[in-house]
Amino acid sequence: MGFVAAKCTQCGANIEVDDTKEAGICKYCGTAFVTEKAINNYNTYITTNNNFAGANINVVGANIDNLVVLAQNAQDIGNYEEAKEYYSRILEIQPMNSDALLGKGISSLYSSKMSDLKTDELIGYAKKAIQSKRKEEGITDEKIFEFIAKTAGELYAAAIMVYQISMKDYDDNWKYQSSAPDLWDRLEKAINIFLFVNALTENENVNKIENASLQYKESMKFVCICCVEMCKQRQYVTGIINPGQLFEAEQKSEIKLNQQLHQKYLDLYDTMYQKIKEIEPDYKPKEDINRNKEINGCYIATCVYGSYDCPQVWTLRRFRDYTLDETWYGRLFIKCYYAISPTLVERFGDTKWFKRFWKSKLDKMVSNLNRNGVENTPYRDRY
C-alpha cells in the first residue's frame, strides 16, 4: 500500500496517488478526484493502449481551459518552469494546441540558462504553433493573421530580453577571454529571433494589425544594433604587469570576429539598413558599424589605457557625449580631435614617450572629472 500510478479523471494527467486516501487533488489541473476512480482510469488507459486501440480519454474543454489559466498564471509571475510543465500537460492532451505550443516555447526560453539559451526551441515551437493554427477547423484568415501578430509580439519581447541580458553579462564580465565569444553567440541567437519576427510581420495582412508594423521596423533596427556589437573590436585581460597595481596596469589582448563572420554581419547590417531606409528615409543608426575586418588602431585615450572599454575611457567618453557635445566649441574640439588623433596614434602610438606624455595629462583630467561626478562605469556611446 502507498503511492501508485493513476490518471486524473478530469485532465487525463498521469499522476501518483496515495491509495490509503479516498481522494486527492490533481497537481496539474487542480481538480479533486476520487482515488479509486483515478487508479481505474489509469488501468483502463494502459489496457486500451496495450490492445492498440488507442487511448480514449474524455477531456472537456473546461479542463483544458483550466490548465491554460494555470500555465498563464505561472508565466505571469515568472515561474516559467511551472508554466512549461502545464503547457506540456496541455500538449499531451491536445498535441496541436497552438497557444500551448507557443507558451511552451516562450517558457522554455525564459527558464533556460545563460549558458544555453533555448532560442532555437522558441522559434521551433512558434513555427509549429502557427502551422497548427492554420489547420484549425473553421479558422478564418483574420484569426490566423491575428495569431501570427501575437506570436511576433511575444518573440519580439523575447529577443529584446536576450539582447539586454547578453549585453549586461558582457559589461559585467568583459575581462574574461570567453566574454566576447559568449556575447557573439548570444547576439546571434537574438538576431535569429529578430529575423523571424521580421519575416512574420512582413506579410501585408499581418502588418496591418496593431503593433505589427512597428515590430517589423524595430526588429530590423535591433538586427542592425546587434550587428554593430558583433563587429566591434573587443578586449580581455590577460594578466597584471605588477600585481597589486591599479587597474591601468592590467595587460590586455584584443579579439574580434574572424573575417568571414565579420563580412556576414556586415552584409546583414547593410541589407537591414536599406530596408529600414525604404520605410523611414530619415533613419540614422546611433552607431556606425566597424567595416574594418582587421583589428583597428586606437585613438589617444584608448592607446594610452590599452582599451576602449575601461574606467578611464568610459569617463572620457561620457565627458565627450554629455559635456563637450552640448556646446559649439565642444563639438569643434571633438571634430578636431578625431581629425588629428588617428594620425598621431599611427605615427607615435607605439612609443613610450608618447604614452607617458599623454597619460600624465589624461590621468589628471579623469581624476577631476570623477571628482565632479562623471562616472567611470561601463558605458556605450550616446551616438
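The values are calculated or read from the model by the stated rules, or taken from the named source; none is laboratory data. Being a predicted model, the structure only gives us computed values, none of them experimental. Don't worry about glycine lacking a Cβ; one is built from the backbone with ideal geometry, like all the others, and counts go over all protein chains shown.
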Original post:
In the stretch 341-363, which residues are modelled with pLDDT under 85 and within 18 Å of Arg317 (Cβ to Cβ)?
Top reply: Ser341, Pro342, Val345
Original post:
Would the stretch 350-366 turn up any residue that is surrounded by 10 or more Cβ atoms within 10 Å (Cβ to Cβ), of a type outside the set (A, V, I, L, M, F, W, C) and under 33 Å from the mean Cα position of the chain (by Cα)?
Top reply: no
Original post:
What's the number of the condition Ser112 fails, among (1) free of Cβ contacts under 8 Å to residues at least 12 places away in the same chain; (2) of a type outside the set (Phe, Trp, Tyr); (3) assigned to a helix (DSSP H, G or I)?
Top reply: (3)
Original post:
Mind checking which pairs have a first residue in the stretch 136-159 that is among the aromatic types (Phe, Trp, Tyr) and a second that is not in a helix (DSSP H, G or I), Cβ under 7 Å, 6 or more apart or different chains?
Top reply: Phe145/Ile209
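So that you can scan it fast, the table gives a plain yes or no per residue for (1) at pLDDT 95 or above; (2) within 22 Å of Leu261 (Cα to Cα); (3) of a type in the set (A, V, I, L, M):
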residue: Asp172; (1), (2), (3): no, no, no
residue: Leu187; (1), (2), (3): yes, yes, yes
residue: Ala190; (1), (2), (3): yes, yes, yes
residue: Val197; (1), (2), (3): yes, no, yes
residue: Leu200; (1), (2), (3): yes, no, yes
**OP:** Six or more apart or on different chains, Cβ under 7 Å: which pairs go from a residue in the stretch 69-84 that's within 9 Å of Ser107 (Cα to Cα) to one that's assigned to a loop (DSSP other than H, G, I, E, B)? Could you list them?
**Re:** Tyr80/Ser111; Glu81/Ser111; Lys84/Ser111
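Any residue at all in the stretch 204-217 that is over 30 Å from Lys143 (Cα atoms), surrounded by 12 or more Cβ atoms within 10 Å (Cβ to Cβ), modelled with pLDDT of 90 or more and among the aromatic types (Phe, Trp, Tyr)?
Here is the first cut: in the stretch 204-217, the residues over 30 Å from Lys143 (Cα atoms) are none.
No, the stretch 204-217 contains no residue that is over 30 Å from Lys143 (Cα atoms), surrounded by 12 or more Cβ atoms within 10 Å (Cβ to Cβ), modelled with pLDDT of 90 or more and among the aromatic types (Phe, Trp, Tyr).
Quick grid of which residues meet (1) touching a helix residue (DSSP H, G or I) at 6+ places or on another chain (Cβ under 6 Å); (2) exposed (fewer than 14 other Cβ atoms within 10 Å of the Cβ):
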{"site": "Cys310", "(1), (2)": "no, no"}
{"site": "Leu316", "(1), (2)": "yes, no"}
{"site": "Gly330", "(1), (2)": "yes, no"}
{"site": "Thr343", "(1), (2)": "no, yes"}
Original post:
What about Thr377, is it loosely packed, with under 11 Cβ neighbours inside 10 Å, in contact (Cβ under 8 Å) with a residue 60 or more places away in the chain and within 26 Å of Arg234 (Cβ to Cβ)?
Top reply: yes
**OP:** Any chance you could count how many residues in the stretch 182-215 are closer than 17 Å to Tyr163 by Cβ, in contact (Cβ under 8 Å) with a residue 12 or more places away in the chain and of a type outside the set (Gly, Ala, Ser)?
**Re:** 16
Original post:
So which of Glu142, Glu146, Glu137, Glu154 is over 30 Å from Gln233 (Cβ atoms), outside any helix (DSSP H, G or I) and of a type in the set (Asp, Glu)?
Top reply: Glu137
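From Ile106, Ile123, which residue is β-branched (Val, Ile, Thr), part of a helix (DSSP H, G or I), closer than 25 Å to Tyr163 by Cβ and in contact (Cβ under 8 Å) with a residue 60 or more places away in the chain? Even if it seems obvious, please write down each step before you answer.
On the way: Ile106 fails: in contact (Cβ under 8 Å) with a residue 60 or more places away in the chain.
Of the residues listed, the single one that is β-branched (Val, Ile, Thr), part of a helix (DSSP H, G or I), closer than 25 Å to Tyr163 by Cβ and in contact (Cβ under 8 Å) with a residue 60 or more places away in the chain is Ile123.
Residue check: is Val366 assigned to a helix (DSSP H, G or I), modelled with pLDDT of 90 or more, of a type in the set (Val, Ile, Thr) and within 14 Å of Thr302 (Cα to Cα)? Before the answer, list the steps.
Details: assigned to a helix (DSSP H, G or I): yes; modelled with pLDDT of 90 or more: yes; of a type in the set (Val, Ile, Thr): yes; within 14 Å of Thr302 (Cα to Cα): yes.
Yes: the conditions hold for Val366.
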Original post:
Which one of these does Ser166 not meet: (1) farther than 22 Å from Asn258 by Cβ; (2) under 10 Å from the mean Cα position of the chain (by Cα); (3) of a type in the set (Ser, Thr, Tyr)?
Top reply: (1)
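Say whether the condition of being of a type in the set (Phe, Trp, Tyr) and closer than 21 Å to Lys7 by Cβ is met by at least one residue in the stretch 74-85. Full working, then the answer.
Filtering the stretch 74-85 down to residues of a type in the set (Phe, Trp, Tyr) leaves 80.
Then keep just the ones that are closer than 21 Å to Lys7 by Cβ; that gives none.
Checked the stretch 74-85: no residue is of a type in the set (Phe, Trp, Tyr) and closer than 21 Å to Lys7 by Cβ.
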**OP:** Sort out for me the helices (runs of 4 or more DSSP H) sitting completely within the stretch 299-348 that have 1 or more residues that are among the polar types (S, T, N, Q) and under 15 Å from Val374 (Cα atoms).
**Re:** 311-322
**OP:** Pick out the one residue from Lys275, Lys284 that is among the basic types (Lys, Arg), within 26 Å of the chain's Cα centre (by Cα) and exposed (fewer than 12 other Cβ atoms within 10 Å of the Cβ).
**Re:** Lys284
